[in-house]
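Some notes on the structure that comes next.
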Amino acid sequence: TYELALLKRHAFGKRSEQLNVLQISLLEEVVDADIAAIETELEELHLTAATPAAKKTPKRAPLPPELPRTEIRHDPENDHCACGCQLRRIGEEVSEKLDYTPGV
C-alpha cells in the first residue's frame, strides 16, 4: 500500500503537473484572443445600452369615438408672467377616463 501511494504521488503529484514553456505560450495566445473578444462584447453592450428603447405599444384599445367626451383644461388664472410677457403652453398631458352612469 505504501509503495502504491508513492507511485501515485510520483505519477499524479505536484511535480508531474508543471507546465513547460511551449504550453505557457499556447495559453498566452488563447488569453489574448479571449480578452479581445470580451472587449468587443463590452463595446457592443455599451452601444446597445446607449440607444433608447423603443416605446411599447399600449395594451388597451382606445375608447370608441362615438362615446361622449368632456374636455377639461386646467389653465392658470393669469396668462402673463411677472415681467409682462405672454405665457405659452409648453406641454400637455392627455388622459381619458370612462365614466359609468347607470341607466344611460
Go through segment 82-104 and give me each residue that's open to solvent by less than 100 Å² (accessible area, probe 1.4 Å) and among the small types (Gly, Ala, Ser).
Gly84, Gly91, Gly103
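So that you can scan it fast, the table gives a plain yes or no per residue for (1) in a helix (DSSP H, G or I); (2) in contact (Cβ under 8 Å) with a residue 24 or more places away in the chain; (3) under 27 Å from the mean Cα position of the chain (by Cα):
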position	(1), (2), (3)
Leu6	yes, no, no
Arg9	yes, no, no
Val30	yes, no, no
Ala37	yes, no, yes
Glu43	yes, no, yes
Glu77	no, no, no
Glu96	no, yes, no
Tyr100	no, no, no
Gly103	no, no, no
Can you pull out the residues in segment 58-81 that are under 13 Å from Glu96 (Cα atoms) and open to solvent by less than 100 Å² (accessible area, probe 1.4 Å)?
Ala61, Leu63, Pro64, Leu67
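Of the residues that sit in segment 8-26 and are open to solvent by 100 Å² or more (accessible area, probe 1.4 Å) and of a type in the set (A, V, I, L, M, F, W, C), which one is modelled with the highest pLDDT? Spell out how you get there, then give the answer.
Let us first name the residues in segment 8-26 that are open to solvent by 100 Å² or more (accessible area, probe 1.4 Å), namely 8-10, 12, 14-15, 17-19, 21-22, 26.
Next cut, of a type in the set (A, V, I, L, M, F, W, C) only: 12, 19, 21-22, 26.
Details: Phe12: 79, Leu19: 68, Val21: 73, Leu22: 75, Leu26: 74.
The selected residue is Phe12.
The values are calculated or read from the model by the stated rules, or taken from the named source; none is laboratory data. These numbers were taken from a predicted model, which means no experiment stands behind them. Here Cβ is always computed from backbone atoms with ideal geometry, including for glycine, and neighbour counts include all displayed protein chains. Note: accessible area is taken over every heavy atom of the protein model, side chains too, but ligands, DNA and RNA are not part of it. Shrake-Rupley method; radii C 1.70, N 1.55, O 1.52, S 1.80 Å.
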